[in-house]
1. I'd like the distance separating the alpha-carbon centroids of the stretch 61-111 and the stretch 2-16, in whole Å.
2. So if R0 is 25 Å, what FRET efficiency would residue 87 and residue 6 give, r being the distance between their Cβ atoms, rounded to the nearest 0.05?
3. Which percent of Cα pairs goes in each bin when the distances of the stretch 68-114 are cut into 5 angstrom slices starting at zero?
4. Cut-off 10 angstrom, C-alpha nodes, Gaussian network model of the chain. Which of 100, 14, 41 fluctuates the most?
5. Divide the volume of the convex hull of the Cα atoms of the chain by its number of residues and quote the answer in cubic angstrom per residue.
């Protein structure tokens with residue numbers, strides 16, 4: 001199938017419990033998601049990701065693009081200025097971008113990791 005579709009990503013059910021993310025001594029964020037596999041492009045990771053409010057470090061090593069469909073917060077790349085985001089925003093991350101997520105309002109995003 002050449003075209004994959006996630007219907008109503010704003011409201012779709014996220015059936016997979018991906019655990020928690022958080023810094024020591026903080027209330028962890030609950031993380032859920034739905035991964036979409038594109039046949040023949042298994043190295044590309046895409047889907048819908050959601051997490052509750054909290055603070056945690058980014059652990060993804062690959063390049064990533066994400067579009068926020070709900071929530072707000074900020075990301076502070078190591079050694080750089082803080083970037084604030086809200087629903088409707090899109091962020092692009094170079095490979096090996098490390099830093100700190102601070103999610104103020106539960107976020108939901110569409111992501112592509114490559």
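1. 20 Å
2. Values: r = 16 Å, r/R0 = 0.65.
Calculated transfer efficiency: 0.95.
3. With a bin width of 5 Å, the distribution comes to 6, 20, 31, 27, 15, 1.
4. So, out of 100, 14, 41, the one fluctuating most is 41.
5. 107 Å³
No value in this document is a laboratory result; all are computed from the given coordinates. Predicted model, so just to flag it, every value in this text is computed and none were measured. Here the Cβ is made from the backbone with ideal geometry for all residues, glycine too, and neighbour counts use every protein chain on show.
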